[in-house]
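Report on one structure; see the data block that follows.
The values are calculated or read from the model by the stated rules, or taken from the named source; none is laboratory data. Only a predicted model underlies this, so the values are computations on that prediction, with no experimental measurement involved. When we count neighbours, we look across all protein chains shown, and the Cβ atoms used for this are built from the backbone with ideal geometry, even at glycine.
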């Protein structure tokens, strides 16, 4: 038989004392529930949450989203793009419902307000970011060279937790602005005041 977890030990402990009542059973299992390791959230779920919040705390030039009810187009590219897009469905950034697009070619990034570039696209992210450099598109990536290539927000793993860093100069160059709360939470901000 395989290794048994803390629930098995609790069940054996409970079994010695019989079926003394519903309340006792709940109380006897409570320490086991507290001792059990909580499963970590899937990485794609955390990334999707970050992307959603970045869209909520970013500002585009007035001409980009003139209609307050217009959809905010979020494009994703990379191996994990489909999973992230599914997690963002039926969401909104303020009054703007998110419209999700999974793209495969660099040229498809033109109609986006936000673009997430997965780590699997590292080889071509530089060319894509150079093409979008002066457009009001919030670029979010997932590689060590993302900010150096001209991206705005890079997701990264720090001590087992997904964190982010910001290239404020790239955001300003494209006419975008990020809420100071986002900047305060960043691990690092390039082109701005340091923490």
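Scanning segment 72-89 for residues that are touching a strand residue (DSSP E or B) at 6+ places or on another chain (Cβ under 7 Å) and part of a helix (DSSP H, G or I), we see that the one that is nearest to residue 56 (Cα to Cα) is 88.
Flag: residue 69 does not match the condition of being within 14 Å of residue 128 (Cα to Cα), surrounded by fewer than 12 Cβ atoms within 10 Å (Cβ to Cβ) and either in the same structural domain as residue 180 (by TED's automatic domain parsing) or modelled with pLDDT of 90 or more (or both).
Annotation note: Cβ proximity below 6 Å between a residue of segment 110-131 that is more than 17 Å from residue 144 (Cβ to Cβ) and a residue that is modelled with pLDDT of 90 or more and part of a helix (DSSP H, G or I) (sequence gap 6+ or interchain) occurs for 114/55.
Here segment 179-195 is the region considered, the condition is being in contact with a strand residue (DSSP E or B) (Cβ under 6 Å, 6 or more places away or on another chain) and within 18 Å of residue 47 (Cα to Cα), and the residue that is surrounded by the fewest Cβ atoms within 10 Å (Cβ to Cβ) is 187. Only strands (runs of 3 or more DSSP E) whose full extent lies in segment 123-195 are considered here, and the ones with at least 1 residues that are more than 17 Å from the chain's Cα centre (by Cα) are 188-190. Among the listed residues 170, 93, which satisfies the condition of being over 17 Å from residue 74 (Cα atoms), assigned by TED's automatic domain parsing to the domain that holds residue 67 and touching a strand residue (DSSP E or B) at 6+ places or on another chain (Cβ under 9 Å)? Exactly one of 170, 93 is over 17 Å from residue 74 (Cα atoms), assigned by TED's automatic domain parsing to the domain that holds residue 67 and touching a strand residue (DSSP E or B) at 6+ places or on another chain (Cβ under 9 Å), namely 170. Filter segment 139-168 down to the residues that are without any contact (Cβ under 8 Å) to a residue 24 or more places away in the chain and exposed (fewer than 15 other Cβ atoms within 10 Å of the Cβ) and list them by number. Selection gives 144, 145, 148, 157, 159, 160, 161.
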